[in-house]
Structure formats: structure tokens, C-alpha cells
């Protein structure tokens, strides 16, 4: 099981809304490197973390089946982001598309990139709430806590299902 977080809070260069961009990216994930999208979460509107005055984000999680090398997947996701106008700059900047590998099965990698599971996923309601939609029994492979336990431990954050 491969879990990919999708998010956007700026329109794509062609004017596509953040929700439209996330939907287009989810379609592009199906077949990427021979992987298949088996589940797609609901879409959620979330406030930026940390608070920054940016527009709200659209977030979701896709569950994929198949096998691939983590670095190949990271590279392919970067290409999808770039195709949607993503420009890397300062951390936590607004973006047209953000694709993060949250987990690949129970793989634990501290280096090289990508670090797995994602080093901050357990701290992000905008990742965990949609992740629960597609993998309700998921257990963090390092913390050994369920997705529900991780969500319960989070500080309050406004997350609205679209």
C-alpha cells in the first residue's frame, strides 16, 4: 500500500482551481510507474499550517497498489508537480500542487530522500483525516499508533469536507 497526500491552494497556470488540480493529479497517479489508484479520499478544505495568511488548501490522500522504488516515485511526483506549475521556494509557501509520499507499506527510511514514513505526517490533520478515508486501519510503522490515535492527539484544526 502506497499513500500519497495531495494538496493545493493556488490555481494552476491554466486557471484550474486547486480542487481541479488535485483531481487532475489523482487521475495522473493512476498508472504512474505501473501503480494503480485503489482508493481516493474525500477532498477537504484546511487552513494553512502554520497560519500564514495564505488561501485555504484543498487536501486529499490517494491509496495506490503496486511496487516501485521510493526515489523513482519521488521523482515522478516532482514531475507531476512541475507540470502543474509548482515552483519550489521557501518552506510552507503557497503552491499549485503538493504531492507527498506518506508511506510505502511498512517501509522505514531515514535517508536518503524520501524519508519514510513522511516525517511530519503524524502531526498533520490535513494528511491524517483524508488518510483515514482510504486506510482506516493504518498504523504508523515507527510510532506504532493507529491513524485514529494520531488524529486524537492533534491540536484542533478546522478541516471541512468538501
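The numbers here are math on the coordinates, done by the rules we state, and not lab data. Small disclaimer: the values here were computed from a predicted structure and weren't measured. Counting neighbours? That spans all protein chains shown, and the Cβs are built from the backbone with ideal geometry, glycine included.
If the chain linking residue 19 and residue 157 were pulled fully straight, counting 0.36 nm for each residue of separation and taking away their Cα-Cα distance, it would gain 47.7 nm. Taking every DSSP helix (H) stretch of at least 4 residues in the chain, weighting each as -39,500 (n - 2.57) and dividing the sum by the residue count yields a mean residue ellipticity at 222 nm of -7500 deg cm²/dmol. Subtracting the Cα-Cα distance of residue 87 and residue 52 from 0.36 nm times their residue separation leaves 10.8 nm of extension gain. Across the chain, Cα pairs under 8 Å and at least six residues apart give a relative contact order of 29 percent. As a calculated quantity, the FRET efficiency between residue 145 and residue 68 at R0 = 25 Å, using C-beta atoms, amounts to about 0.45. Quick one: Cα centre-to-centre distance for the range 44-71 and the range 121-145, in angstrom? So the two Cα centres are separated by 12 Å.
When only Cα pairs below 8 angstrom with a gap of at least 6 residues are kept, the range 1-70 shows a relative contact order of 43 percent.
Sorted into 10 angstrom bins from 0, the C-alpha pair distances of the range 2-161 split as 11, 43, 38, 8, 0 percent.
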